[in-house]
Amino acid sequence: MRRYLLFVSQLYAYAILRPIAAAVAARGGEVAWFFEHGADARYLRAGERRLRTVAEVRDWQPRAVFVPGNWVPHYFPGLKVEVFHGFSVGKRSDARGHFRIRGSFDLYCTHGPDTTAPFAALAREHGYFRVVETGWPKLDPLFAGAYPPAGHARPVVLFASTFTESITAARLLRETIARLSATGEWDWLLTLHPKMAPDIVAAYRALEGPHAQFIETDDILALYAQADVLLSDTSSVVPEFLVQLKPVVTLRNRKPGPQLLDVQRPDEVEGALRAALARPPELMQAIRTYADRVHPNRDGHASERILDAAEAALAAGREGLRRRPLNLWRRVQARQRLGYWSLR
């Protein structure tokens, strides 16, 4: 039986890794979960196996470790596979963010041409890892139809915002959303990042009423399926929503483009939402062009492609690759993070 490890550092990892776990089970394999110190294991489901120590991981001997974060212990057995925690939305420079190479991974499973091309160039430059375009596993259930739209009599607006104070729209848009939801013209779904400031969470929770729901969830895909349009900022939810080929209105997005209706002032939001809900052909074509660039494989089978890529990399071994960088300081840090100092 083929064994694979799912490595969790943040709560968002559940939604990314569970489709991979389902694909492994469909092939008759086995998965186990490992949680970095501080990661929340409360959301494990019945029947999901947890390994609690490095020794248990080493004894279990996974073939590959799937990681939706930026690090993985080098002392874990198996191929180290980066599956990413989200799309690149321009919150940080390439040198600090999405395209930073830390020497941890053997295989990068990219979403689409927009990320494949830069990582392929980095693979040629560094020479010790492979890159395969697979799509993003988190979106598999959405594209596979696991979330049928709920029946709403009115158009549905989803508001979701990042927690980063310098770019969040939540403080600026609270009164606008209060006014628009009170009219009853549209239904509103309101959700905020788990790290959002408590006072903002309280302010949005207070907006609940006949036409507004405040929702805390670790599975935002269900909200994507229900909504006709997204209102946001420079949040990672923006590209996730766009690849459904649905319109998005943003307030002061850091990387605006023709695929977005981006506005600079809260008083422009209502008009932008009306324009988005009309779905003008030029906007919808720009959205399709963008989606084809960032995530063209919208078939719900990214997880299967990731498993195929991992197995192909395992079969190839290190053939054609350079030696990994030693990175002594990062190796010491990796041991510190899990308190593992054994030479075994």
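The values are calculated or read from the model by the stated rules, or taken from the named source; none is laboratory data. Here the structure is a predicted model, which is why all the values come from computation and not from measurement. Every residue, glycine among them, receives a Cβ derived from its backbone with ideal geometry; neighbour counts consider all protein chains shown.
Being touching a helix residue (DSSP H, G or I) at 6+ places or on another chain (Cβ under 7 Å) and under 19 Å from A15 (Cα atoms): is that true of A212 here?
Taking the combined requirement at face value, the residue does not satisfy it.
State whether one or more residues within the range 34-42 are buried (at least 16 other Cβ atoms within 10 Å of the Cβ), at negative phi and not in a loop (DSSP other than H, G, I, E, B).
yes
When both residues are 6+ apart or on different chains and their Cβ atoms are under 7 Å apart, which pairs have a first residue that lies in the range 163-176 and is in the same structural domain as R252 (by TED's automatic domain parsing) and closer than 9 Å to P266 by Cβ, and a second that is crowded, with 18+ Cβ neighbours inside 10 Å and of a type in the set (D, E, K, R)?
Sorted first by the residue in the range 163-176, then by its partner, the pairs are A169/D233.
Is it true that T234 is in contact with a strand residue (DSSP E or B) (Cβ under 9 Å, 6 or more places away or on another chain) and assigned to a strand (DSSP E or B)?
When the stated conditions are applied, T234 does not pass them.
Being in contact (Cβ under 8 Å) with a residue 60 or more places away in the chain and among the hydrophobic types (A, V, I, L, M, F, W, C) is the filter here; which residues of the range 245-285 pass it?
Of everything in the range 245-285, those that are in contact (Cβ under 8 Å) with a residue 60 or more places away in the chain and among the hydrophobic types (A, V, I, L, M, F, W, C) turn out to be L251, V269, L273, L277.
Here is a list of conditions, (1) hydrophobic (A, V, I, L, M, F, W, C); (2) touching a helix residue (DSSP H, G or I) at 6+ places or on another chain (Cβ under 7 Å); (3) in a loop (DSSP other than H, G, I, E, B), and L173 meets all of them except one; can you say which number that is?
All conditions are met except number (3).
Quick one: which of D299, D292 is of a type outside the set (A, V, I, L, M), over 23 Å from Y4 (Cβ atoms) and either surrounded by 17 or more Cβ atoms within 10 Å (Cβ to Cβ) or in contact (Cβ under 8 Å) with a residue 40 or more places away in the chain (or both)?
D292 is the lone residue from the list that is of a type outside the set (A, V, I, L, M), over 23 Å from Y4 (Cβ atoms) and either surrounded by 17 or more Cβ atoms within 10 Å (Cβ to Cβ) or in contact (Cβ under 8 Å) with a residue 40 or more places away in the chain (or both).
Given the range 260-338, what helices (runs of 4 or more DSSP H) lie entirely inside it while holding 2 or more residues that are modelled with pLDDT of 95 or more?
It comes to 269-278, 281-294, 302-316.
Considering only the range 48-101, state which residues are in a loop (DSSP other than H, G, I, E, B), small (G, A, S) and at pLDDT 95 or above.
G78
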